[in-house]
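The values are calculated or read from the model by the stated rules, or taken from the named source; none is laboratory data. Every value quoted in this text rests on a predicted model; they were computed, and no experiment measured them. Backbone-built Cβ (ideal geometry, glycine too); neighbour counts: all protein chains shown. Heavy atoms of the whole protein, side chains included, go into the accessibility calculation; ligands, DNA and RNA do not. Shrake-Rupley method; radii C 1.70, N 1.55, O 1.52, S 1.80 Å.
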Amino acid sequence: ARASADEEAVVFAEIDLAEADHKLRADGTHLFALRRPELYRSIASRPRALADEDVKDEVAIALYVPPEGESVADTLQTAADTIRTLAREGVDLIVLPELFYLPSGRVEHPAAASELFVEVVRAVAEALADTPCHVVMSAVEQSHAELFHMGLVVGPRGVVARQPQLHVPMRHAWATPGRRVDTIRLPWGRIALAVGEDLCVPELSRVLALSGALLIASPFAASEPWELALGAPARSAENRVLVAVSTRVHGD
């Protein structure tokens, strides 16, 4: 229940306390079961001063959801055309939804999806040619015998940084959880990636902020209204960090 942003109001709401026991996402993933305490140790460590880094005063960020084409090739072509336009208009960072190139972002055949990795990265990198722009996205990537839901920062020359999804939900049961938490230094500031459900875990955003990230970019797949209305803004407010979330429309 919300009051007006610019007028006095009294807001009444009936609260069902039993709702607080409901920790399941739409795919059956239990939010508390996602937690990986071994990744959050820096929260309990003694605070340390962060190194001074040059930070640009203003950064242009675009959250872009490509329309779904009749094929992966169609979706990639449409996405590449818009990415090229945005990059040449001076956008510094473009954030795409989780697995933007797959129909509805679903991974029906993980091994087959991983075979698209090179094609997808090449299409995005070529669209960024001769610009300083970067794209944050996710893709299915195979490394040795393991498959990852991989968060990527892509520049004109290809992959600049990788961040595997750390908190793997049931719908991505095929994916190996990542083993590291990284930040990425871009020309205008330091960012971090929260891939999919990583954004739903408050401890991870705190770890990323403590690591010096000024912006958390999230290729996301929203399944419940609270994730965008309350979850993402909370991650930003409680850590004094910018959060850029790109997702398909809820319910789409």
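Odds and ends about this structure:
- Difference of contour (0.36 nm per residue) and Cα-Cα distance, residue 126 to residue 56: 22.7 nm
- Residues whose amide H lies under 5 Å from that of residue 147, counting only those 5 or more places away or on a different chain, are 176; hydrogens are built 1.01 Å from N in the peptide plane.
- Spin-label zone in segment 2-25 - amide nitrogen under 20 Å from a point set 7 Å from the Cα of residue 203 along the C-beta vector: 21-25
- Percent of Cα pairs exceeding the 12 Å cut-off, where the set is segment 1-40: 74 percent
- Carbon + sulfur, % of accessible area of the chain - ligands and nucleic acids excluded, 1.4 Å: 52 percent
- Reduced Cα scattering model of segment 80-125, Debye log10 I(q)/I(0), q = 0.32 Å⁻¹: -1.23
- The Cα atoms of segment 127-252 give a gyration tensor whose axes a ≥ b ≥ c have a/c under 1.5, which makes the shape rounded.
- Sorting 139-146, 187-194 by average packing, meaning the other beta carbons within 10 Å per residue, from highest down gives 187-194, 139-146.
- Nonlocal amide H pairs with residue 160, under 5 Å, H built at 1.01 Å: 153, 154, 155
- With the simple spin-label model, which puts each label point 7 Å out from Cα in the Cβ direction, the residue 36 to residue 4 separation comes to 4.7 nm.
- Calculation over all alpha carbon pairs of segment 146-200 in 5 angstrom steps from 0 returns a P(r) of 4, 20, 27, 23, 14, 8, 3, 0 percent.
- Taking θ as phi - 60° and the Karplus parameters 6.51, -1.76 and 1.60, the scalar couplings of segment 157-164 work out to 9, x, 6, 9, 7, 10, 9, x Hz in sequence order, x denoting glycine and proline.
- Radius ratio Rg over Rh of segment 192-233, counting only Cα atoms, Kirkwood formula for Rh: 0.95
- Shape of segment 19-150, Cα gyration tensor, a/c cut at 1.5: oblate
- Sum of -39500 (n - 2.57) over DSSP H runs of 4+, divided by residues of the chain (222 nm, nearest 500): -6000 deg cm²/dmol
- When the charge dipole of the chain is built from unit charges on Cβ atoms (+1 for Lys and Arg, -1 for Asp and Glu) and taken about the Cα centre, the candidate among 69, 177, 95 whose Cα reaches farthest toward its positive end is 177.
- Percentage of interatomic Cα-Cα distances in segment 35-83 larger than 13 Å: 75 percent
- Sparse-neighbourhood loop sites, trypsin sites (Lys or Arg not before Pro) in segment 1-105 - DSSP loop, at most 15 other Cβ within 10 angstrom: 2, 23, 35, 48, 56
- At 0.692 mPa s and 37 °C, Stokes diffusion of the chain via Kirkwood alpha-carbon radius, µm² per second: 172 µm²/s
- Normalised by 2.2 N^0.38 Å, with N the number of residues, the alpha-carbon radius of gyration of segment 93-151 equals 1.15.
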